[in-house]
Amino acid sequence: MARPPSRARGLRYSGTVKAVRIGLLGVGTVGAAVAKAIATRGDVLARASRATLVVQRAAVRDPAKERGLSLDRVTTDPLEVVRADDVDVVVELLGGEEPAFGLMKEAIERGKPVVTANKRVVSWHGPELHDLAARKGVELRYEAAVGGGIPLLAPLADDLAANRLLELRAIINGTTNYILTQMAGGSSFQDALARAQKLGYAEADPSDDVDAVDAADKLAILVRIAFGVSCTPKEIFREGVRALDPIDLAYGREMGYALKLLAIARRGEGGIEARVHPAFLPADHPLARVDGARNAVHLLGDLCGPVMFSGLGAGGDATASAVLADLTHVARRLALGDPVEPPRPGHTGLPVLPMDEVRARSYLRLSVDDVPGVFAQITHVLAELGIGLASVIQREPVSGQADVVLMTYAAREAALREAQRRLAALPTTRSVRARIRVEESRT
């Protein structure tokens, strides 16, 4: 029995699809890598997709810019590409919230599938776009929005579908991971950031990376897929890496820990924890050994146990790999005339837990006066708040003051924050230099 023809406009049939015509929005680092791969790996992509992929139109900011490739029908108006009758699939690689969000909506309204790497739009507007795509019977795919070149969203949605995921911990920002790797070697934050900018890992304005905005956007997407929870970045606790001092990484290493900016989601009592912040990990945990600009996601499922995905989380070629995987999937469906899968069951209804309810261990470094009774005052504060003390490091005083490093047992975030406030107010405390959350192995 013959398959029904695809509903996508403009596809030409003679038993199989001759071409799937792409409207490419943005030909920067990733867009250029996608276009080059389509031009040089057409036979490989055709075998996978059952169709010839063609960059039919492209929208760019600067048509005169040298990109090392030849493109036909180039315009500076992305709406022209979206509305063109000879475009079957829209690939959005502009980045940022607008005009990308409006362009994706326009494409879906016109019945065109959309492939994107845009974490900002998907994290904040993904549910709306998914609902619209379901009504219009087209696909919205965004594998490249979270892990760059790491196959992640498809395995979560399909290969691990039989599992009840218990925990997800991830290094999903290569810039901050590179910075922390440098700081572990003794560099200051500013020196490490300058090196990251020189190498192209960090932007001139690194705020989205070092303030954990990028990681929170990505975690919101992961939480929706992995735990079936309605979530946007506004529900996620976020703390960046600007205030970190290499001395704390050194103390942590002495205690058997490595410091990473972690995106964490975990089933708790009555809801899901969702948070992004610097955290110490036991040095033998697989994530503790992910250094440089690499990314990794560590999952714990009730059937599969621990699973880790690791690789390049950014860069033109790596991200293009994920974009092309989505594009191949869409093109194959169009070539075979298969309908779009109906939406999966809705969200579980579990809430994202307030950060105050999260329980974790904590590392604290205090600068205190070298006088009798200091340690008694510290332990009294912790005892009043029900916080157990696991270990202490105290150095010889210099110029009348000393560092005291505390490692607590797990306690609620609200109690730990209050302990920090009370410890800072003690007459013998000059300052609380650092408080860093500590993650246990669990696996």
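Structural remarks
- Positions within the range 312-340 being modelled with pLDDT under 90 and either under 28 Å from Ala202 (Cβ atoms) or not β-branched (Val, Ile, Thr) (or both), in sequence order: Leu312, Gly313, Ala314, Gly315, Gly316, Asp317, Ala318, Ala335, Leu336, Gly337, Asp338, Pro339
- Checking Ser207, Ser188, Ser123 one by one, the residue that is modelled with pLDDT of 95 or more and surrounded by 15 or more Cβ atoms within 10 Å (Cβ to Cβ) is Ser123 and no other.
- Residues of the range 61-88 classified as surrounded by 21 or more Cβ atoms within 10 Å (Cβ to Cβ) and touching a helix residue (DSSP H, G or I) at 6+ places or on another chain (Cβ under 8 Å), total: 4
- Single residue of the range 395-428 satisfying the filter (surrounded by 13 or more Cβ atoms within 10 Å (Cβ to Cβ) and either over 38 Å from the mean Cα position of the chain (by Cα) or on the phi > 0 side of the Ramachandran plot (or both)) that is modelled with the lowest pLDDT: Pro397
- Pairing each residue of the range 315-326 that is polar (S, T, N, Q) with any residue that is part of a helix (DSSP H, G or I) and surrounded by 24 or more Cβ atoms within 10 Å (Cβ to Cβ), provided the two are 6+ apart or on different chains, yields C-beta distances under 7 Å for Thr319/Val30; Thr319/Ala144.
- Neighbours by Cβ (under 7 Å, 6+ apart or cross-chain): first from the range 173-188, closer than 23 Å to Lys218 by Cα; second of a type in the set (Gly, Ala, Ser) and part of a helix (DSSP H, G or I): Asn173/Ala215; Thr175/Ala196; Tyr178/Ala196; Ile179/Ala192; Ile179/Ala196
- Residue check, Ala288 farther than 25 Å from Asn118 by Cβ, of a type in the set (A, V, I, L, M, F, W, C), surrounded by fewer than 21 Cβ atoms within 10 Å (Cβ to Cβ) and touching a strand residue (DSSP E or B) at 6+ places or on another chain (Cβ under 7 Å): yes
- Qualifying residues in the range 169-185 (those that are hydrophobic (A, V, I, L, M, F, W, C) and touching a Phe, Trp or Tyr at 6+ places or on another chain (Cβ under 8 Å)) - the one surrounded by the most Cβ atoms within 10 Å (Cβ to Cβ): Ile179
- Within the option set Asp217, Asp209, Asp245, Asp191, being in contact with a Pro (Cβ under 8 Å, 6 or more places away or on another chain) and either without any contact (Cβ under 8 Å) to a residue 24 or more places away in the chain or among the acidic types (Asp, Glu) (or both) holds for one residue only, Asp217.
- Residue within the range 270-281 that is in a helix (DSSP H, G or I) and either surrounded by 22 or more Cβ atoms within 10 Å (Cβ to Cβ) or hydrophobic (A, V, I, L, M, F, W, C) (or both) present: no
- Failed criterion for Ile387 (all others in (1) outside any loop (DSSP other than H, G, I, E, B); (2) in contact with a helix residue (DSSP H, G or I) (Cβ under 9 Å, 6 or more places away or on another chain) hold): (1)
- Listed by position, the helices (runs of 4 or more DSSP H) enclosed by the range 189-247 include none that has at least 3 residues that are among the β-branched types (Val, Ile, Thr) and touching a Cys at 6+ places or on another chain (Cβ under 7 Å).
- Scanning the range 353-384 for residues that are over 37 Å from the mean Cα position of the chain (by Cα), hydrophobic (A, V, I, L, M, F, W, C) and not in a helix (DSSP H, G or I) yields Val368, Val371.
- Looking across Leu350, Leu327, one residue alone is more than 30 Å from Ala37 (Cβ to Cβ), of a type in the set (A, V, I, L, M, F, W, C) and under 26 Å from the mean Cα position of the chain (by Cα). It is Leu350.
- Qualifying residue in the range 431-439 (condition: touching a residue at least 40 places away in the same chain (Cβ under 8 Å) and not in a strand (DSSP E or B)): yes
The values are calculated or read from the model by the stated rules, or taken from the named source; none is laboratory data. For clarity, every value in this text was computed on a predicted model and none was experimentally measured. For neighbour counting, all protein chains shown are included, and Cβ atoms are generated from backbone atoms with ideal geometry for every residue, glycine included.
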